[in-house]
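Inspection log for the structure reproduced underneath, given as structure tokens.
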Amino acid sequence: PVTPGEEESLFRSFVHGRSQALARSAYLLTGDHAVAEDLLQSALTSTWLHWSRIKDKALVEGYVRTSMINTLTSWRRRRSYGEVPVAAPLDGSTGDPSGAADDRLVIVAALRRLPPRQRAAVVLRYYDDLTEAETAEALGCSVGTVKSQVARGLRTMRALLGETSERSPR
């Protein structure tokens, strides 16, 4: 048996080791740093409350990701979520000399215009590098649904970014 102190230590280690990657995912899901922080905090709180019931601690990250997606979906259903899609970022950033920051802003803006399930599927598959099966488990759907959501999301992003499917490798 694991003592409560050991459980807390395991949870703290998990949070310390995975928070940065989970925060990045939360930002890509929401498109807003403050909302992403709230989303991650909510998911981690839920995870801690259920920590003793999670038998296989290797699956905790998937639990947190699923919790983030479910929480975000719940927030949007309640209409308390204040995101309003825009064609271009309104922050007036000037970018860096290499253009990498500008590229990130353009990609995040395109992600923000995707419907929530497509955005979640694209983020989990390509930013979090989950397999189709892992993505399906996190989203609570079939692998086929993941494939179609990702395909639609990428097609929309290509259109938003001015690319054609002929120029993009499969």
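The values are calculated or read from the model by the stated rules, or taken from the named source; none is laboratory data. Quantities reported herein were computed from a predicted structural model and do not represent experimental measurements. Don't worry about glycine lacking a Cβ; one is built from the backbone with ideal geometry, like all the others, and counts go over all protein chains shown. Only protein heavy atoms, including side chains, enter the accessible area calculation; ligands, DNA and RNA are left aside. Shrake-Rupley method; radii C 1.70, N 1.55, O 1.52, S 1.80 Å.
For region 114-130, what does the Karplus curve 6.51 cos²θ - 1.76 cosθ + 1.60, with θ = phi - 60°, yield as ³J(HN,Hα) per residue in whole Hz, taken in order and with x for Gly and Pro?
Once rounded to whole Hz, the list reads 6, x, x, 5, 5, 4, 4, 5, 5, 4, 5, 6, 9, 8, 8, 6, 7.
Solvent-accessible area per residue for region 105-159 at a 1.4 Å probe radius, Å²? Please report the intermediate quantities before stating the final value.
On the way: 2610 Å² over 55 residues.
Ligands and nucleic acids excluded, the figure is 47 Å² per residue.
How much accessible surface area, in Å² rounded to 10, belongs to the heavy atoms of Asp32 with a 1.4 Å probe?
Approximately 60 Å² of Asp32 is accessible to the 1.4 Å probe.
Separation between the Leu10 and Asp56 pseudo-spin-labels, each 7 Å from Cα along Cα→Cβ, expressed in nm?
1.4 nm
Could you check the simple spin-label distance between Ala34 and Trp48, using points 7 Å along Cα→Cβ, in nm with one decimal?
Here the answer is 2.3 nm between the modelled labels.
In whole Hz, with x marking every Gly and Pro, tabulate ³J(HN,Hα) for region 105-111 from phi via Karplus 6.51 cos²θ - 1.76 cosθ + 1.60, θ = phi - 60°.
Rounded to whole hertz, the list is 4, 5, 5, 5, 4, 5, 4.
Tell me, in nm to one decimal, what length is gained between Gln20 and Cys141 on full extension, where the rule is 0.36 nm per residue of separation less the Cα-Cα distance? Each step should come with its number before you reach the end.
Values: separation 121, 0.36 × 121 = 43.56 nm, distance 2.61 nm.
Going from the current span to full extension adds 40.9 nm.
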